[in-house]
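Engineer: Input: one structure, supplied below.
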Amino acid sequence: MKDDTVSRSAVPRIMSLLLHAHLPYGIRPDLENSLEQAWLFEAVTGCYLPLLDLVQSLKKRPEAPWFTLSLSPTLLELWAHSEFKTRYRKHLKEGLTIIENEAANRKHALERRQLALEIRKNWLEASKRFEAIDGKLAEAFSQEAQKGKIELITTAATHAFLPAYQNNAPLRHFQIENGIRTFTKHTGIEPKGFWLPECAYFPGLEADLQAHGIEYFCLEQLGLSATTPPSPIRQPLACPNGLLAIGRDTALSQNVWSARSGYPGQPVYKEFHRDGIEQVDEKTCAGFALPTGDRLPFGLKYWSVTGAETKNWYNSEVARNQAKVDAADFVSKLEATEEGLIFLPFDAELFGHWWHEGPIWLKHVIDAVNRSPKLELTNTHKASKAFKNPTIGRPAASTWGRKNDYSFWINRDTDWIYPLICQASQTFALLVSDLNKMDANPLIQRALRQASRELLLASASDWPFMIHAGSTVEYAMQRIREHISRFHFLAQAISRGSIDEKHLSLLEKLNPAFEEPSFKSFTT
């Protein structure tokens with residue numbers, strides 16, 4: 001077993017992988033199908049189950065877990081939703097019928113029919129994996145963490161963009177505390193690390209994290225390089241309060257992330273953006289149609305990236321071989337880079353969902369790094385502790401957004417959002433100030449809990465991201481307005497003492513996340 005504190009001469013390069021798994025909360029009990037549910041089911045089939053399979057295939061390590069997985073509270077709440085397992089099983093059953101029709105349709109090219117059979121095999125494997133754990137994804141990942149294969153950490157309750165609330169400490173603590181509470185409830189683990197949503201940091205945020213027992217956090221490389229004096233990227237930065245900040249290696253990450261030059265753009269890989277469901281007749285795919293007439297994302301991906309408007313048919317064998325070549329290329333870059341800490345965080349959904357071959361590539365990388373005498377692969381907590389006498393300082397304001405600043409989330413498209421949320425949080429603080437009143441009336445307790453859920457869900461960073469990115473703009477704006485409107489409806493009912501229990505029950509059914517939210521931050 002290696003000592004937790006190592007020197008650069010003992011281990012030339014310490015590599016830490018962190019995969020951050022997150023989706024906005026969105027199972028709609030009032031609708032059989034919805035866009036947010038389609039996102040979830042696509043990610044379960046393409047990413048979360050293959051990722052679990054990869055983790056389960058890894059050998060136990062006595063020295064430290066292989067890598068770190070961040071599970072967002074909203075994702076954990078989706079997995080725990082009372083209708084999740086039933087709906088996902090129904091999705092698989094109905095989807096397999098469509099896929100089998102595709103494979104049997106003689107009007108299709110032979111290549112398409114053969115690829116439909118490959119997709120059918122993948123879906124059947126997903127179903128088998130899902131049933132092997134009885135759909136209990138959080139429990140399955142937790143068991144692997146308890147075996148020492150992975151480290152699990154979490155993030156803010158609904159992935160709020162925390163720098164937007166620099167002047168709203170109660171809301172920040174509300175997000176952080178309920179994020180950790182929810183994570184611990186589902187996993188039984190008290191996290192040592194914390195994923196800052198969007199890697200978004202403002203100076204002083206480390207004090208909030210320390211108040212909730214966090215030991216380290218992750219941020220963009222600029223957060224270290226823009227300090228005075230600049231902090232080296234190849235080691236953690238110790239904040240004045242003792243928390244350790246680890247910076248992403250931007251250049252190495254771009255080998256995977258870059259839309260122009262990253263590995264996922266290889267011409268032979270599976271094309272993510274083209275779905276054959278658009279070509280399926282209306283009757284066959286009726287269960288995957290939206291009221292607008294559009295089709296939900298499904299997963300009939302028959303084509304390779306190719307790089308042209310006319311796409312080639314996908315060849316899985318060629319793609320798998322390319323994943324092995326790309327993994328070897330990446331490891332050679334790791335071995336050739338400057339010695340010290342190499343921190344590489346990615347969205348987990350990249351592996352298998354956006355980049356179909358991602359799990360294959362990742363497994364080859366893990367195996368190759370494990371064989372390399374120049375590299376040590378370890379989890380982020382151990383990596384954060386692996387260097388003696390780190391530089392002491394405070395990170396610089398930063399995110400992993402396009403310009404490494406706050407502009408992707410706070411801009412002319414989104415600046416109307418934050419005053420609404422801050423006003424709602426001030427209203428909520430007034431509502432919970434009378435604890436005796438809250439404790440005396442069970443109906444008021446329920447209404448306060450539901451109001452807090454609406455406030456949490458309204459402040460997710462997903463909505464401003466979608467709005468500024470120009471994707472599903474109307475959906476994101478609708479979600480914000482719905483949650484804020486429901487919050488104020490409940491707040492007024494509580495203030496007037498006129499809570500309609502039937503209406504309250506309906507809202508509880510629509511958004512049952514965060515069963516027992518804590519209001520502590522609004523009362524201290």
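Engineer: Got a number for residues in segment 322-342 being open to solvent by 50 Å² or more (accessible area, probe 1.4 Å) and either part of a loop (DSSP other than H, G, I, E, B) or touching a helix residue (DSSP H, G or I) at 6+ places or on another chain (Cβ under 6 Å) (or both)?
Structural biologist: The total comes to 3.
Engineer: I'm trying to understand the selection: among the residues of segment 141-162, which are aliphatic (A, V, I, L, M) and in contact with an Asp or Glu (Cβ under 9 Å, 6 or more places away or on another chain)?
Structural biologist: Residues of segment 141-162 aliphatic (A, V, I, L, M): 145, 150, 152-153, 156-157, 160, 162.
Listed by number, the residues that qualify are ALA145, ILE150, LEU152, ALA157, LEU162.
Engineer: Can you confirm whether segment 276-297 contains a residue that is at pLDDT 95 or above, in contact with a strand residue (DSSP E or B) (Cβ under 9 Å, 6 or more places away or on another chain), of a type outside the set (S, T, N, Q) and more than 23 Å from THR154 (Cα to Cα)?
Structural biologist: Of all residues in segment 276-297, those at pLDDT 95 or above come to none.
Checked segment 276-297: no residue is at pLDDT 95 or above, in contact with a strand residue (DSSP E or B) (Cβ under 9 Å, 6 or more places away or on another chain), of a type outside the set (S, T, N, Q) and more than 23 Å from THR154 (Cα to Cα).
Engineer: Moving to a separate point now. Please work out which residue is farthest from LYS301 (Cα to Cα), limiting yourself to segment 108-117 and to residues that are in a helix (DSSP H, G or I) and open to solvent by less than 70 Å² (accessible area, probe 1.4 Å).
Structural biologist: Filtering segment 108-117 for residues that are in a helix (DSSP H, G or I) and open to solvent by less than 70 Å² (accessible area, probe 1.4 Å), the one farthest from LYS301 (Cα to Cα) comes out as ARG113.
Engineer: When you look at LEU504, is it over 30 Å from ALA200 (Cα atoms) and open to solvent by 40 Å² or more (accessible area, probe 1.4 Å), yes or no?
Structural biologist: Working: over 30 Å from ALA200 (Cα atoms): yes; open to solvent by 40 Å² or more (accessible area, probe 1.4 Å): no.
Answer is no for this residue.
Engineer: Can you say whether ASN167 is touching a Cys at 6+ places or on another chain (Cβ under 9 Å), open to solvent by 50 Å² or more (accessible area, probe 1.4 Å) and modelled with pLDDT of 95 or more, as far as the supplied structure shows?
Structural biologist: It is true that ASN167 is touching a Cys at 6+ places or on another chain (Cβ under 9 Å), open to solvent by 50 Å² or more (accessible area, probe 1.4 Å) and modelled with pLDDT of 95 or more.
Engineer: Could you check TRP354 against (1) under 26 Å from ALA116 (Cα atoms); (2) in contact with a strand residue (DSSP E or B) (Cβ under 7 Å, 6 or more places away or on another chain) and say which number it fails?
Structural biologist: (2)
Engineer: Another question about this same structure. Of the numbered conditions (1) touching a residue at least 12 places away in the same chain (Cβ under 8 Å); (2) within 24 Å of the chain's Cα centre (by Cα), SER258 satisfies every one except a single condition; which is it?
Structural biologist: Single failed check for SER258: (1).
Engineer: For segment 419-442, state whether one or more residues are of a type in the set (Val, Ile, Thr), open to solvent by less than 70 Å² (accessible area, probe 1.4 Å) and more than 21 Å from ARG496 (Cβ to Cβ). Walk me through it before giving the result.
Structural biologist: Step one: list which residues in segment 419-442 are of a type in the set (Val, Ile, Thr), which gives 421, 427, 432.
The next check asks that each one be open to solvent by less than 70 Å² (accessible area, probe 1.4 Å); those that pass are 421, 427, 432.
From what is left, the residues that are more than 21 Å from ARG496 (Cβ to Cβ) are 421.
The answer is yes, given that some residue of segment 419-442 is of a type in the set (Val, Ile, Thr), open to solvent by less than 70 Å² (accessible area, probe 1.4 Å) and more than 21 Å from ARG496 (Cβ to Cβ).
Engineer: If you scan segment 286-333, which residues turn out to be hydrophobic (A, V, I, L, M, F, W, C), in contact with an Asp or Glu (Cβ under 6 Å, 6 or more places away or on another chain) and in contact (Cβ under 8 Å) with a residue 40 or more places away in the chain? Steps first, answer last, please.
Structural biologist: We begin by selecting, within segment 286-333, every residue hydrophobic (A, V, I, L, M, F, W, C); these are 286, 288-290, 296, 298, 300, 303, 305, 308, 313, 318-319, 323, 325, 327-328, 330-331.
Still in the list and also in contact with an Asp or Glu (Cβ under 6 Å, 6 or more places away or on another chain): 298, 300, 303, 305, 313, 319, 323.
PHE298, LEU300, VAL305, TRP313, ALA319, ALA323, listed by residue number.
Engineer: Here's a follow-up. Output the helices (runs of 4 or more DSSP H) that fall wholly within segment 1-107 and possess 3 or more residues being under 30 Å from GLU335 (Cα atoms), at pLDDT 95 or above and in contact with a helix residue (DSSP H, G or I) (Cβ under 8 Å, 6 or more places away or on another chain), or say none.
Structural biologist: Fully inside segment 1-107 and qualifying: 49-57.
Engineer: Please work out if GLY307 is among the small types (Gly, Ala, Ser) and crowded, with 18+ Cβ neighbours inside 10 Å. Spell out how you get there, then give the answer.
Structural biologist: Numbers: among the small types (Gly, Ala, Ser): yes; crowded, with 18+ Cβ neighbours inside 10 Å: no.
For GLY307, the condition - among the small types (Gly, Ala, Ser) and crowded, with 18+ Cβ neighbours inside 10 Å - is not met.
Engineer: With respect to ALA319, determine if the residue is open to solvent by less than 20 Å² (accessible area, probe 1.4 Å) and either farther than 25 Å from ASN122 by Cβ or of a type in the set (A, V, I, L, M) (or both).
Structural biologist: Answer is yes for this residue.
Engineer: Could I ask something else about it? Please specify each residue of segment 366-402 satisfying the condition of being free of Cβ contacts under 8 Å to residues at least 40 places away in the same chain, over 19 Å from the mean Cα position of the chain (by Cα) and either over 14 Å from ALA328 (Cα atoms) or surrounded by 23 or more Cβ atoms within 10 Å (Cβ to Cβ) (or both).
Structural biologist: Of everything in segment 366-402, those that are free of Cβ contacts under 8 Å to residues at least 40 places away in the same chain, over 19 Å from the mean Cα position of the chain (by Cα) and either over 14 Å from ALA328 (Cα atoms) or surrounded by 23 or more Cβ atoms within 10 Å (Cβ to Cβ) (or both) turn out to be PRO373, ASN389.
Engineer: Among ASN178, ASN122, ASN101, ASN168, which is the only one that is over 30 Å from MET466 (Cα atoms), in contact with a Ser or Thr (Cβ under 9 Å, 6 or more places away or on another chain) and in contact (Cβ under 8 Å) with a residue 24 or more places away in the chain? Show your work before the answer.
Structural biologist: Working: ASN178 fails: over 30 Å from MET466 (Cα atoms); ASN122 fails: over 30 Å from MET466 (Cα atoms); ASN168 fails: over 30 Å from MET466 (Cα atoms).
So the residue among ASN178, ASN122, ASN101, ASN168 that is over 30 Å from MET466 (Cα atoms), in contact with a Ser or Thr (Cβ under 9 Å, 6 or more places away or on another chain) and in contact (Cβ under 8 Å) with a residue 24 or more places away in the chain is ASN101.
Engineer: Which one of GLY242, GLY188 is open to solvent by 10 Å² or more (accessible area, probe 1.4 Å), over 20 Å from the mean Cα position of the chain (by Cα) and either of a type in the set (S, T, N, Q) or farther than 20 Å from GLY340 by Cα (or both)? Lay out the reasoning, then the answer.
Structural biologist: Details: GLY188 fails: over 20 Å from the mean Cα position of the chain (by Cα).
It is GLY242.
Engineer: While we're on this one: Only residues that are open to solvent by 50 Å² or more (accessible area, probe 1.4 Å), farther than 19 Å from GLN37 by Cβ and more than 21 Å from the chain's Cα centre (by Cα): list them for segment 463-485, please.
Structural biologist: ARG481, SER485 - these are the residues of segment 463-485 that are open to solvent by 50 Å² or more (accessible area, probe 1.4 Å), farther than 19 Å from GLN37 by Cβ and more than 21 Å from the chain's Cα centre (by Cα).
Engineer: Could you list, in sequence order, the residues of segment 210-230 that are surrounded by 21 or more Cβ atoms within 10 Å (Cβ to Cβ) and part of a helix (DSSP H, G or I)?
Structural biologist: LEU222, GLY223, LEU224
One line per residue, one yes/no per condition, for (1) out of contact with any Pro (no Cβ under 6 Å at 6 or more places or on another chain); (2) not aromatic (Phe, Trp, Tyr):
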site	(1), (2)
CYS218	no, yes
LEU222	yes, yes
SER225	yes, yes
PRO232	yes, yes
PRO236	no, yes
SER253	yes, yes
TYR263	yes, no
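Engineer: Being of a type in the set (Asp, Glu) and either open to solvent by less than 20 Å² (accessible area, probe 1.4 Å) or closer than 18 Å to ASN122 by Cβ (or both) is the filter here, so list the residues in segment 262-304 that pass it.
Structural biologist: Within segment 262-304, GLU271, ASP275 qualify.
The values are calculated or read from the model by the stated rules, or taken from the named source; none is laboratory data. Treat the numbers as computed from the prediction; the structure is a model and nothing was measured. Heads up, the Cβs are rebuilt from the backbone with ideal geometry, glycines too, and the neighbour counts pull from every protein chain shown. Ligands, DNA and RNA are stripped out before the accessible areas are found, and what is left, the full protein with its side chains, is counted by its heavy atoms. Shrake-Rupley method; radii C 1.70, N 1.55, O 1.52, S 1.80 Å.
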